[in-house]
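Undergrad: This is the structure I want to talk about, given as structure tokens.
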Amino acid sequence: MHAPVLVLKDSLKRESGSKVQHANIQASKAVADIIRTTLGPRSMLKMLLDAGGGIVVTNDGNCILRELDLAHPAAKSMIELSRTQDEEVGDGTTSVIVLAGEMLHVAEAFIDKNYHPTVICRAYNKALEDAVAVLDKIAMPIDVNDRATMLGLVKSCIGTKFTGQFGDLIADLAIDSTTIVGVDLGQGLREVDIKKYIKVEKVPGGQLEDSKVLKGVMINKDVVSPGKMRRKILNPRIILLDCPLEYKKGENQTNAELVKEEDWEVLLKMEEEYIENLCMQILKFKPDLVITEKGLSDLACHYFSKAGVSAIRRLRKTDNNRIAKACGAVVVNRPEELQESDVGTGAGLFEIKKIGDEFFAFIVDCKEPKACTVLLRGASKDLLNEVERNLQDAMSVARNILKNPKLLPGGGATELTVSATLKQKSSSIEGIEKWPYEAAAVAFEAIPRTLAQNCGVNVIRTMTALQGKHANGENAWVGIDGNTGAIADMKEQKIWDSYSVKAQTFKTAIEAACMLLRIDDIVSGIKKKQAPGAGPTPSKPKIEEEGDADNEQMIPE
């Protein structure tokens with residue numbers, strides 16, 4: 001009987017050496033080509049069909065790649081890049097893929113000439129260090145309190161998105177919301193937690209111009225009994241709870257055996273007294289609004305409405321934390337531990353409004369809110385989803401500037417400056433690393449080139465003119481105006497990029513390119529059904545049956 005062999009997945013039969021590197025480069029170029037057209041203000045949109053059969057219309061690099069289902073491991077690795085970029089700095093997801101794809105593309109020539117990948121990677125890492133040094137040199141510090149500059153920056157970062165046409169509006173929303181939730185940590189550091197404290201509520205209907213940042217929180221809830229409880233309270237005293245206001249049921253099945261009929265009444269009375277006791281402990285602090293994350297029984301509801309207190313139940317934990325930050329309350333776990341300091345008095349107005357078919361509770365006009373809600377209105381769900389994605393990017397840009405207030409020129413000017421500087425430096429590098437270093441310098445030009453392609457101008461003429469302007473280092477701020485394709489001074493056009501986004505893009509792209517180049521073998525670990533006797537020494541001899549012989553992978557004689 002023949003020894004069985006491990007069968008590899010068809011698409012990934014074992015390959016090694018330069019073959020694999022070529023395959024990886026091709027896969028990465030394919031990913032880069034998919035989203036190349038979504039870079040810049042004149043970019044195209046993609047329509048994606050998601051797994052649920054819904055459609056997504058977007059030009060957000062990360063969003064497009066998330067929906068792709070690619071089999072090649074190198075392509076999957078490229079998709080991870082845009083996710084990393086999105087989580088780290090929130091913008092530049094398309095640039096990082098285009099740049100990484102180009103870095104790999106220029107390395108292909110060296111692999112054909114039998115350069116060792118380690119040599120290429122060494123040159124690339126040297127180029128990365130020098131590129132970041134160039135960024136530091138041309139970066140321009142700004143004042144984060146100067147609203148006009150901040151607006152210009154955020155606008156230029158979302159000018160490439162679908163909502164570029166409503167530039168001012170989205171930029172205003174982003175700056176207002178990030179300014180509200182910014183917390184000073186001392187020593188000049190600011191922490192802006194977008195995920196935790198800024199909630200984007202999308203309500204279809206109305207116009208996009210109706211969108212606004214609320215100085216407080218909005219939640220998709222109504223009061224427990226709308227007829228009896230107040231729906232509008234000025235300067236409410238708010239108590240936030242994290243416990244059920246109902247009778248505790250047994251964890252598992254509890255049997256109570258009652259002998260006399262009166263015992264039943266005693267049992268009911270005990271339940272009522274327990275709930276009454278809970279409510280009284282809360283009511284002695286004279287709240288106007290009680291919000292709990294858990295349930296709230298009918299009886300508790302009765303006591304509250306009798307006392308003129310509005311109540312909301314089953315609220316999300318994240319929403320509860322946001323309300324606490326907005327109105328200055330503390331979320332309490334047990335009513336008996338309530339203190340006066342736990343009551344939130346920072347809100348100016350509690351109101352229930354009906355928008356469309358649904359009721360929303362607004363806790364707004366807060367004195368010093370450290371959390372906020374952005375209310376987005378728009379014609380359709382697809383439009384709102386795209387606006388939300390653009391708003392997230394804009395908020396990330398505003399956050400990056402608050403954390404690291406430095407600017408770089410946009411429109412491909414930064415990349416051209418880096419490219420020109422690296423080309424000059426390459427002449428002083430000795431040995432075999434000189435050529436890959438020079439190739440990395442050329443690869444940076446992929447970004448301005450792609451911008452020019454997406455504008456529909458003559459790419460070769462534009463790139464030659466730009467390279468000429470940058471080669472003698474006369475002005476580091478000359479780039480492409482993404483709307484017209486004209487060569488312009490980025491300072492005058494007010495087209496900016498954030499320093500942290502650019503630095504992160506370069507680092508992620510080059511490090512990922514190095515990682516993919518150093519792969520020289522792809523072996524699939526997906527085993528077929530193992531044939532009997534092929535594993536470690538079997539504990540007892542197995543008698544082979546007729547059926548088993550058919551399932552085995554055997555080498556033909």
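Undergrad: List the relative contact order of the stretch 45-186 as a percent without decimals, with contacts defined as Cα pairs under 8 Å and 6+ residues apart.
TA: 14 percent.
Undergrad: Right, here's the next one. Students sometimes get this wrong: rank TRP264, TRP477 by accessible area, probe 1.4 Å, all chains present, largest first.
TA: So the residues, ranked largest to smallest area, are TRP264, TRP477.
Undergrad: Which residues among the stretch 343-360 fall inside the zone where the amide N is under 16 Å from a point 7 Å beyond the Cα of ASP210, along Cα→Cβ?
TA: Once the point is set 7 Å along Cα→Cβ of ASP210, 353-360 turn out to lie under 16 Å by backbone N, inside the stretch 343-360.
Undergrad: Using the Kirkwood radius over Cα pairs, work out the Stokes-Einstein diffusion coefficient for the stretch 93-218 at 20 °C and 1.002 mPa s, in µm²/s as a whole number.
TA: In µm²/s, the coefficient is 114.
Undergrad: In this model, which of LYS137/LYS494; LYS126/LYS491; LYS354/LYS381; LYS29/LYS76; LYS284/LYS354 are farther than 24 Å apart at the alpha-carbon?
TA: LYS126/LYS491; LYS284/LYS354
Undergrad: Amide H to amide H under 5 Å from VAL200: which residues, 5+ apart in sequence or cross-chain, H placed 1.01 Å off N in plane?
TA: Under 5 Å from the amide H of VAL200: VAL374.
Undergrad: OK, next. Each residue of the stretch 54-70 in order: what ³J(HN,Hα) in whole Hz does its phi give by Karplus 6.51 cos²θ - 1.76 cosθ + 1.60, θ = phi - 60°, with x for Gly and Pro?
TA: Once θ is set to phi - 60°, the couplings for the stretch 54-70 become x, 10, 10, 10, 7, 10, 8, x, 4, 5, 5, 5, 4, 7, 6, 10, 10 Hz.
Undergrad: Something else: At 10 °C and a viscosity of 1.306 mPa s, what translational diffusion coefficient does Stokes-Einstein give for the stretch 347-468, taking Rh as the Kirkwood radius over Cα pairs? Give it in µm²/s as a whole number.
TA: 81
Undergrad: Sorted from largest down, what three extents in whole angstroms do the Cα atoms of the chain have along their principal axes?
TA: The Cα atoms of the chain stretch 95, 83, 44 Å along the principal axes, largest first.
Undergrad: Over the heavy atoms of TYR274, what accessible area does a 1.4 Å probe trace out, to the nearest 10 Å²?
TA: About 80 Å², rounded to the nearest 10.
Undergrad: Rounded, prolate or oblate, given the Cα gyration tensor of the stretch 328-367, with a/c below 1.5 counting as rounded?
TA: oblate
Undergrad: Let me ask something additional. Order ASP342, ASP222 by their accessible area, 1.4 angstrom probe, all chains in place, largest first.
TA: Result of the area sort, largest leading: ASP222, ASP342.
Undergrad: Now for a different question. Could you report the accessible area of TYR197 in Å², rounded to 10, computed with a 1.4 Å probe on the protein chains as they sit in the structure?
TA: Estimated to the nearest 10 Å², TYR197 gives 40 Å².
Undergrad: What list of ³J(HN,Hα) values in whole Hz, one per residue of the stretch 294-305 in order, does the Karplus curve 6.51 cos²θ - 1.76 cosθ + 1.60 (θ = phi - 60°) give from phi, with Gly and Pro shown as x?
TA: Coupling constants for the stretch 294-305: 10, x, 8, 6, 4, 5, 4, 4, 4, 4, 5, 5 Hz.
Undergrad: Give a residue-ordered list of calculated ³J(HN,Hα) values for the stretch 28-39 (Karplus: 6.51 cos²θ - 1.76 cosθ + 1.60, θ = phi - 60°; whole Hz; x for Gly, Pro).
TA: 5, 5, 4, 5, 4, 5, 4, 9, 4, 6, 9, 9
Undergrad: Once Rh for the stretch 140-182 is found with the Kirkwood sum over Cα pairs, what is the Stokes-Einstein diffusion coefficient at 20 °C and 1.002 mPa s, in µm²/s?
TA: So the translational diffusion coefficient is about 201 µm²/s.
Undergrad: If you don't mind, there's one more thing I want to ask. How much mean residue ellipticity at 222 nm does the chain get from its helices, if each DSSP H run of length 4 or more adds -39500 (n - 2.57) and you divide by all residues, to the nearest 500 deg cm²/dmol?
TA: The per-residue figure over the chain is -14500 deg cm²/dmol.
Undergrad: Which percent of the Cα-Cα distances in the stretch 220-340 go past 19 Å?
TA: The proportion of pairs with Cα distances above 19 Å equals 50 percent.
Undergrad: Check the chain for me: any Cys whose beta-carbon has no other cysteine beta-carbon within less than 4.7 Å?
TA: CYS63, CYS157, CYS243, CYS279, CYS301, CYS327, CYS366, CYS372, CYS455
Undergrad: In whole percent, what relative contact order does the chain give with Cα contacts below 8 Å and a gap of six or more residues?
TA: So the answer I get is 26 percent.
Undergrad: Provide ILE25, ILE495 ordered by accessible surface of protein heavy atoms (probe 1.4 Å), highest first.
TA: Ranking ILE25, ILE495 by accessible area, largest first, yields ILE495, ILE25.
Undergrad: Another question, if that's okay. Enumerate the amide H contacts of ILE355 below 5 Å, restricted to partners 5 or more residues apart or on another chain; note that Pro and chain-start residues carry no placed amide H.
TA: PHE360
Undergrad: Scale the Cα Rg of the stretch 342-416 by the rule-of-thumb value 2.2 N^0.38 Å and send over the ratio, two decimals.
TA: That works out to 1.62 for the stretch 342-416.
Undergrad: For MET44, what accessible surface area do you get with a 1.4 Å probe? Give it in Å², rounded to 10.
TA: Solvent-accessible area, nearest 10 Å²: 120 Å².
Undergrad: Oh, and also: Over the Cα atoms of the stretch 284-324, what is the Rg over Rh ratio if Rh follows Kirkwood?
TA: With Rh from the inverse mean 1/r over Cα pairs, Rg/Rh is 0.99.
Undergrad: Given a cut-off of under 8 Å on Cα pairs at least six residues apart, what relative contact order in percent is computed for the stretch 192-289?
TA: 38
The values are calculated or read from the model by the stated rules, or taken from the named source; none is laboratory data. For clarity, every value in this text was computed on a predicted model and none was experimentally measured. When we count neighbours, we look across all protein chains shown, and the Cβ atoms used for this are built from the backbone with ideal geometry, even at glycine. The protein model used for the area step is the full one, side chains on, heavy atoms only, and it has no ligands, DNA or RNA in it. Shrake-Rupley method; radii C 1.70, N 1.55, O 1.52, S 1.80 Å.
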